[in-house]
């Protein structure tokens, strides 16, 4: 049976997963110190940084499921190793849900407006992750939760823009062409 992913694709997915996990213990505490003083979950800003990697995998590989695989690999590694940010087996859902949202929104919107789809997909992924963590673990008051949606959406959208810009440069380095960037 032939895989829909090439060796390059699987290595790239692994690298994006590793980058996302490697940056978490560095960025997380710094951003949490800022957002906690504003009574916002750290994921409002930090989640956007973590979502650059699945979106980058989606843009470079250009196959359905590539961003989701990044989330599954991250959630599995976190669950098994218990490293920074682990919530046990629920980590698989925590890391996969935003990636599922990214892919759903991106592939729904991209035929209409690819540039806007990149912004809205990561924005929606960041909001979903923030809501999931806030409701499940933090149990934030509704007022704070609603206030957090706006920055989560904006920072998530900026992550999509950054992933897009980075993917354009990376495609040139790799010598790959991608019809996603033609629009």
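The values are calculated or read from the model by the stated rules, or taken from the named source; none is laboratory data. Keep in mind that this is a model prediction, so the values were computed, not measured. Cβ: placed from backbone, ideal geometry, glycine included. Neighbour counts: every protein chain shown.
Per-residue answers, yes or no, for (1) within 30 Å of residue 38 (Cβ to Cβ); (2) free of Cβ contacts under 8 Å to residues at least 40 places away in the same chain; (3) surrounded by 18 or more Cβ atoms within 10 Å (Cβ to Cβ):
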{"residue": "117", "(1), (2), (3)": "yes, yes, yes"}
{"residue": "128", "(1), (2), (3)": "yes, yes, yes"}
{"residue": "142", "(1), (2), (3)": "yes, yes, no"}
{"residue": "148", "(1), (2), (3)": "yes, no, yes"}
{"residue": "155", "(1), (2), (3)": "yes, no, yes"}
{"residue": "163", "(1), (2), (3)": "yes, no, yes"}
{"residue": "170", "(1), (2), (3)": "no, no, no"}
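Mind checking whether some residue in region 41-61 is over 18 Å from residue 158 (Cα atoms), surrounded by fewer than 16 Cβ atoms within 10 Å (Cβ to Cβ) and either touching a helix residue (DSSP H, G or I) at 6+ places or on another chain (Cβ under 8 Å) or modelled with pLDDT of 85 or more (or both)? So far as region 41-61 goes, no, none of its residues is over 18 Å from residue 158 (Cα atoms), surrounded by fewer than 16 Cβ atoms within 10 Å (Cβ to Cβ) and either touching a helix residue (DSSP H, G or I) at 6+ places or on another chain (Cβ under 8 Å) or modelled with pLDDT of 85 or more (or both). State whether the residues of region 98-115 include one that is without any contact (Cβ under 8 Å) to a residue 40 or more places away in the chain, part of a strand (DSSP E or B) and out of contact with any strand residue (DSSP E or B) (no Cβ under 9 Å at 6 or more places or on another chain). Taking every residue of region 98-115 in turn, none turns out to be without any contact (Cβ under 8 Å) to a residue 40 or more places away in the chain, part of a strand (DSSP E or B) and out of contact with any strand residue (DSSP E or B) (no Cβ under 9 Å at 6 or more places or on another chain).
Yes or no: region 162-179 includes at least one residue that is within 15 Å of residue 47 (Cα to Cα) and either over 17 Å from the mean Cα position of the chain (by Cα) or assigned to a helix (DSSP H, G or I) (or both). Checking region 162-179: at least one residue is within 15 Å of residue 47 (Cα to Cα) and either over 17 Å from the mean Cα position of the chain (by Cα) or assigned to a helix (DSSP H, G or I) (or both). Could you tell me which residue of region 79-96 is modelled with the lowest pLDDT, considering only residues that are assigned to a helix (DSSP H, G or I), touching a helix residue (DSSP H, G or I) at 6+ places or on another chain (Cβ under 7 Å) and within 18 Å of residue 28 (Cβ to Cβ)? Per the stated criteria, the residue is 91.
When 21, 15, 10, 38 are checked against the criterion of being touching a residue at least 12 places away in the same chain (Cβ under 8 Å) and either in contact with a helix residue (DSSP H, G or I) (Cβ under 8 Å, 6 or more places away or on another chain) or surrounded by fewer than 23 Cβ atoms within 10 Å (Cβ to Cβ) (or both), a single residue qualifies: 21. Among the residues making up region 130-140, none is in contact with a helix residue (DSSP H, G or I) (Cβ under 8 Å, 6 or more places away or on another chain), surrounded by fewer than 18 Cβ atoms within 10 Å (Cβ to Cβ) and part of a loop (DSSP other than H, G, I, E, B). If the condition is being free of Cβ contacts under 8 Å to residues at least 24 places away in the same chain, surrounded by fewer than 21 Cβ atoms within 10 Å (Cβ to Cβ) and within 14 Å of residue 17 (Cα to Cα), then region 62-80 contributes 76, 79.
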